[in-house]
Amino acid sequence: MEIKSLKSKEKELLETVLEKTHWNLEKTSRLLKISVSQIKRKIKAYDIKKIQSP
């Protein structure tokens, strides 16, 4: 069993919620119960990129 760090789990969760909300930061913020500015900081810190679908 692989144990992931808290940061990697946080990044994974953020990516999942961003995808499910179609990168709607307001919805993501409400679901995760953190501010939009925190979401933006985490996106930058974790270098999360929006995946363009064809």
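Values in this text are rule-based calculations from the coordinates and carry no lab data. Keep in mind the model is a prediction, meaning the values are calculated, not measured. All Cβ positions, even for glycine, are placed from backbone atoms using ideal geometry, and neighbour counts span all protein chains on display.
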Quiz item: Do we find a residue being free of Cβ contacts under 8 Å to residues at least 60 places away in the same chain, among the β-branched types (Val, Ile, Thr) and touching a Ser or Thr at 6+ places or on another chain (Cβ under 6 Å) anywhere in segment 24-37?
Solution: yes
Practice problem: Count, please, the residues in segment 6-30 that happen to be loosely packed, with under 14 Cβ neighbours inside 10 Å and part of a helix (DSSP H, G or I). | Solution: 11
Self-check item: Sole residue being loosely packed, with under 12 Cβ neighbours inside 10 Å and part of a loop (DSSP other than H, G, I, E, B), chosen from Ile3, Ile48
Solution: Ile3
Quiz prompt | Single unsatisfied condition, Ile51 versus (1) touching a residue at least 12 places away in the same chain (Cβ under 8 Å); (2) under 12 Å from the mean Cα position of the chain (by Cα) | solution = (2)
Quiz item: Taking segment 31-43 only, how many residues are hydrophobic (A, V, I, L, M, F, W, C) and assigned to a loop (DSSP other than H, G, I, E, B)?
Solution: 1
Quiz prompt | Residues satisfying the stated conditions in segment 20-33, i.e. farther than 16 Å from Lys44 by Cα and touching a Lys or Arg at 6+ places or on another chain (Cβ under 9 Å) | solution = Lys20, Thr21, Lys27, Leu31
